[in-house]
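Structure first, then comments.
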């Protein structure tokens with residue numbers, strides 16, 4: 001009886017979490033594309049002035065290529081009571097090269113199996129791609145003992161590389177968005193440095 005209850009409890013909780021992820025992270029990508037999509041000279045490449053950024057509230061440290069700012073445009077997307085908060089910090093290297101860290105906090109713990117966490121991450125990927133995204137690559141990653149997912153895809157004339165990590169009751173999302181013309185330069189330099197600089201304050 002106890003095993004059956006636990007199974008149904010997870011299905012209910014897991015279902016809510018998946019709904020949260022689908023209706024927040026998907027629109028987040030769409031909204032970001034609309035806000036930061038501008039005409040740029042694809043041959044122009046700015047060298048970053050990397051700045052260490054520590055977020056004690058969301059529990060991470062990362063280096064941004066320019067001074068980051070807190071972006072409030074996605075708060076209205078969190079309407080489910082299971083979601084506690086959504087914070088997004090953005091750094092813009094040039095007019096259409098964006099580096100972002102977003103943290104979705106929900107009221108559930110990390111008491112899920114690896115299989116269940118992977119299911120949540122898969123839904124996050126699906127939400128980011130939407131109906132018009134073209135998936136280029138996907139792989140499983142880890143940050144310490146935390147499971148994650150990395151994807152590369154094209155959407156609305158841009159190249160995006162994203163990493164998701166399930167960390168306790170938080171979902172950490174890192175994104176680099178660049179014009180397709182800058183895809184390879186970004187992959188080999190700034191994007192890699194940005195992703196590798198991300199770490200958790202509490203292991």
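General observations
- Residues of the range 47-63 classified as over 17 Å from residue 200 (Cα atoms) and out of contact with any helix residue (DSSP H, G or I) (no Cβ under 8 Å at 6 or more places or on another chain), total: 2
- Filter pass, residue 115 being farther than 24 Å from residue 196 by Cα and modelled with pLDDT of 80 or more: yes
- Of all the listed residues (171, 143), the sole one being closer than 19 Å to residue 201 by Cα, touching a strand residue (DSSP E or B) at 6+ places or on another chain (Cβ under 9 Å) and surrounded by fewer than 20 Cβ atoms within 10 Å (Cβ to Cβ) is 143.
- Test: residue 177 is part of a strand (DSSP E or B), modelled with pLDDT under 90 and under 16 Å from residue 114 (Cβ atoms): no
- Search result, residues across the range 66-83 that are touching a helix residue (DSSP H, G or I) at 6+ places or on another chain (Cβ under 9 Å) and at pLDDT 65 or above: 71, 83
- Screening the range 84-103 for residues that are within 15 Å of residue 173 (Cα to Cα) and modelled with pLDDT under 85 and picking the one that is surrounded by the fewest Cβ atoms within 10 Å (Cβ to Cβ) gives 85.
- Qualifying residue in the range 136-149 (condition: within 25 Å of residue 55 (Cα to Cα), in a strand (DSSP E or B), within 13 Å of the chain's Cα centre (by Cα) and at pLDDT 90 or above): yes
- Counting only residues that are more than 13 Å from the chain's Cα centre (by Cα) and surrounded by 20 or more Cβ atoms within 10 Å (Cβ to Cβ), the range 104-116 holds 1 of them.
The values are calculated or read from the model by the stated rules, or taken from the named source; none is laboratory data. Just so it is clear, the structure is predicted and the values come from calculations on it, not from any experiment. Methodologically, a virtual Cβ is constructed for each residue, glycine included, from the backbone with ideal geometry; neighbour enumeration extends over all protein chains shown.
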